[in-house]
Amino acid sequence: MPYRVAVRSFKTLSYIGSYKKMRDRPLAFYCAAILGAGYAAYSQHKQNKAEMKEIIQLKNYMAEPITPISELEKNQDDMKTQMELLIMRIQAEFCRALEKEEDEESKFKVDRWKRKEGGGGITCVLQDGRVFEKAGVNISVVSGILPPPAVQQMKTRGKNFENKELPFFAAGVSAVIHPRNPMVPTIHFNYRYFEVQDKNEVHWWFGGGTDLTPYYLNEEDAVHFHRTLKQACDEHDPTYYDKFKKWCDDYFFISHRGERRGVGGIFFDDVDYPDQQSAFKFVTSCAEAVIPSYIPLVQKHADAGYGYHERQWQLLRRGRYVEFNLIYDRGTKFGLHTPGARYESILMSLPLNAKWEYMHDPKPNSPEEKLMKVLKEPRDWLNVQQAKSTST
């Protein structure tokens, strides 16, 4: 009897022990999972902070960011942060690429400025270089209240804002490069991000573009330029290039002259599709396409021969550039309407020298007339429309 009791007691205790193991196992597993997930999240947080610190290296930029670094690190997923870091990187990379084409002593003057109403900018200007007569690359990160003229300008573009005073944020990079040699074209690019708060809703959109203004037409250059931009567009949507190329031809039109400013490129505004991150990636690709679209043209023509006649034609065409920027350009008008705007930076796009002649007409069949024909009738440089017709 005692033997049977002992055996039964042993079995009971074994069962209880097994049950406790089974009961405790899910709890232990659950605790381990929580600890593991917490550790993974902490590790990812540390990695993100390390990556952000690597991104925000002052040596990578022309000057210190406009927004305090601590705020950028804290708000690394905010589009305002992402855009500020993008435009600062693009500014630095482009300035350094231009300096490589210049003599050793020709460097950008870096002017970091603040705006008392909120934000500031970094203006980089190189003047009187051997290759570049004037090169300006500006970034601005500003915020505040939109003044009525700026609100009205946006309403004319279909923005249906209700409030009269609208808090806004704007960040953008803008550059205009005026070379010394008339055989080297001028390039302009601008990429920007806007946020406007109307009541409790935040409206956001991107805008920008890159365009080329030659003084003497080189068809190979135009094809290379447009092909590079098309490749950037095609990474995101095969319809973008054709649509934004036409928009560019229409936008950079000097209506009182009946001619375009140059051979075009791409231009877009009010892009809030398909979603914020996708739109940002598209803008990033376009901005990164500037150097490969332009620097090869500088290297190709910087030492080409020219004389007094070509220089005078270059100055006349720069006069047209001034007319467009002061009369039609949206960015210039927005800047001039913004309280506390920095006019030196806004007018940075103007050339160092320009010229106007009364009733000037190029001679028939001259290289100058060849350019004018293209400025009056934009060309499909990549035969996109012909390819469309063939496929249909």
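Is at least one residue of the stretch 338-345 touching a helix residue (DSSP H, G or I) at 6+ places or on another chain (Cβ under 9 Å), assigned to a helix (DSSP H, G or I) and under 26 Å from Leu166 (Cβ atoms)?
yes
Out of (1) of a type in the set (A, V, I, L, M, F, W, C); (2) surrounded by 18 or more Cβ atoms within 10 Å (Cβ to Cβ); (3) touching an Asp or Glu at 6+ places or on another chain (Cβ under 6 Å), the odd one out for Val374 is which?
Going through (1) of a type in the set (A, V, I, L, M, F, W, C); (2) surrounded by 18 or more Cβ atoms within 10 Å (Cβ to Cβ); (3) touching an Asp or Glu at 6+ places or on another chain (Cβ under 6 Å) one by one, Val374 breaks only (3).
Would you check which residues across the stretch 363-392 are under 27 Å from the mean Cα position of the chain (by Cα) and either small (Gly, Ala, Ser) or in a loop (DSSP other than H, G, I, E, B) (or both) and list them?
Pro378, Arg379, Asp380, Trp381, Leu382, Asn383
Applying the selection to the stretch 183-240, what residues are of a type in the set (S, T, N, Q) and either in a loop (DSSP other than H, G, I, E, B) or at pLDDT below 95 (or both)?
Passing the criteria: Gln197, Asn200, Asn218, Thr239.
Can you spot a residue in the stretch 71-81 that is touching a Phe, Trp or Tyr at 6+ places or on another chain (Cβ under 9 Å) and hydrophobic (A, V, I, L, M, F, W, C)?
Checked the stretch 71-81: at least one residue is touching a Phe, Trp or Tyr at 6+ places or on another chain (Cβ under 9 Å) and hydrophobic (A, V, I, L, M, F, W, C).
List the residue pairs whose Cβ atoms are under 7 Å apart, where the first residue sits in the stretch 242-269 and is touching a residue at least 60 places away in the same chain (Cβ under 8 Å) and in a loop (DSSP other than H, G, I, E, B), the second is surrounded by fewer than 18 Cβ atoms within 10 Å (Cβ to Cβ) and not hydrophobic (A, V, I, L, M, F, W, C), and the two are 6 or more positions apart or on different chains.
From the stretch 242-269, the pairs are Gly258/Lys376.
Is it fair to say Tyr321 is closer than 16 Å to Val176 by Cα, in contact with a Lys or Arg (Cβ under 9 Å, 6 or more places away or on another chain), in the same structural domain as Leu217 (by TED's automatic domain parsing) and among the hydroxyl-bearing types (Ser, Thr, Tyr)?
Here the answer is yes, as Tyr321 does meet what is asked.
The values are calculated or read from the model by the stated rules, or taken from the named source; none is laboratory data. All of these numbers come straight from a predicted model, not from anything done at the bench. Ideal geometry is used to build each Cβ from the backbone, glycine not excepted, and the neighbour counts take in all protein chains shown.
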